[in-house]
Amino acid sequence: MRRKLVVGNWKLHGSRAGNAPLLAALAAARPFACDVAVCVPFPYLGDVAAAWSGGELLWGAQDCSAHEQGAYTGEVAAAMLADFGCRFAIVGHSERRQFHHESDPLVADKAKAALARGVTPIVCVGESLAQREAGQTEEVVKRQLSVVIHTLGHCAGEMVVAYEPVWAIGTGRTASPEQAQAVHAVLRAQLQAATGHGERMRILYGGSVKADNAAALFAQPDIDGGLIGGASLKAAEFIAICRAAG
Ligand code: 13P
């Protein structure tokens with residue numbers, strides 16, 4: 001039985017003053033029946049660690065350098081994330097693929113760098129609207145994932161995968177539970193064939209998950225939780241989503 005996981009992706013949002021009550025509200029809502037994490041902007045990692053350390057709530061970053069260390073201005077290494085108690089690092093989010101031109105091999109190298117430091121990569125895959133309409137969804141997500149599987153080798157079973165159709169992110173247009181399940185089943189079969197661990201690996205859905213659609217999505221057999229953007233910034237809404245996974 002896979003334990004569900006709900007991860008808030010704060011993206012480029014937050015302030016120290018505003019984060020504190022959000023983190024406190026989540027801590028006060030414990031216990032949860034699923035694993036709960038937030039992936040916050042780098043400067044806030046210390047505050048989250050201070051607020052939540054020793055508890056059951058988890059945290060992570062939204063990116064991770066592919067490099068261990070060196071002359072890479074602006075990068076943040078996996079070892080630094082581990083220093084702040086990060087359990088997770090999102091890699092390959094479609095916003096980074098789009099706005100920072102991250103390629104599949106770079107995403108795979110970031111996932112590898114994270115795992116090497118004990119930080120679990122949440123590897124995002126997903127098709128654009130044009131690709132879906134052209135019937136290329138399966139081909140696109142399998143290609144994105146296969147590069148990561150190949151690069152991670154025998155460690156591939158340690159990653160978390162997030163299916164985030166680009167057309168559903170921040171648009172209010174969620175994939176239907178059936179649409180999402182169909183892609184998750186494809187990804188799980190690919191993971192099982194490649195790693196032998198597909199049945200125990202967690203595959204999250206992301207894209208306009210809200211309190212009122214979360215339960216139907218999480219009820220699908222291959223949807224093991226969610227990667228939540230906008231709705232993770234509101235305590236009551238995010239808590240309701242976490243409860244829907246329980
Ligand atoms: P929204 O939940 O705001 O659609 O964002 C999804 C997402 O990109 C999470 O990583």
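When peptides 12-18, 117-123, 240-246 are ranked by their average number of other Cβ atoms within 10 Å per residue, the highest-first order is 117-123, 240-246, 12-18.
Applying a DSSP loop filter and a limit of 13 other Cβ atoms within 10 Å to the trypsin sites (Lys or Arg not before Pro) in the stretch 120-196 leaves 173. Taking every alpha-carbon pair in the stretch 1-95 and binning the separations at 10 Å intervals from zero gives 15, 48, 30, 7, 0 percent. Just read off the accessible area of residue 178 with the full protein assembly in place, 1.4 Å probe, to the nearest 10 Å². Accessible area of residue 178: about 120 Å². Per the Debye calculation on the chain with a single equal scatterer at every Cα and no solvent contribution, log₁₀ I(q)/I(0) for q = 0.08 Å⁻¹ amounts to -0.26.
The charge dipole of the chain, taken about its Cα centre with unit charges on the Cβ of Lys, Arg, Asp and Glu (plus for the first two, minus for the last two), comes to roughly 400 debye. 3J(HN,Hα) couplings calculated from phi for the stretch 124-135 with the Karplus curve 6.51 cos²θ - 1.76 cosθ + 1.60 (θ = phi - 60°) are, in sequence order, 8, 9, x, 9, 7, 4, 4, 5, 4, 5, 8, x Hz; Gly and Pro show x. Only protein heavy atoms count here; on that basis, with a 1.4 Å probe, residue 146 has an accessible area of about 50 Å². Take the Cα coordinates of the stretch 147-246, assign each an equal point scatterer, and use the Debye formula without solvent to give log10 I(q)/I(0) at q = 0.10, 0.13, 0.15 Å⁻¹. After summing over all Cα pairs, the log10 values are -0.27, -0.45, -0.59. For residue 4, the amide hydrogen comes within under 5 Å of the amide hydrogens of 35, counting only partners 5 or more places away or on other chains and with H modelled in the peptide plane.
The values are calculated or read from the model by the stated rules, or taken from the named source; none is laboratory data. Quantities reported herein were computed from a predicted structural model and do not represent experimental measurements. All Cβ positions, glycine included, derive from the backbone under ideal geometry; neighbour counts span all protein chains shown. Just so you know, the surface numbers come from the protein's heavy atoms only, side chains and all, with ligands and any DNA or RNA stripped out. Shrake-Rupley method; radii C 1.70, N 1.55, O 1.52, S 1.80 Å.
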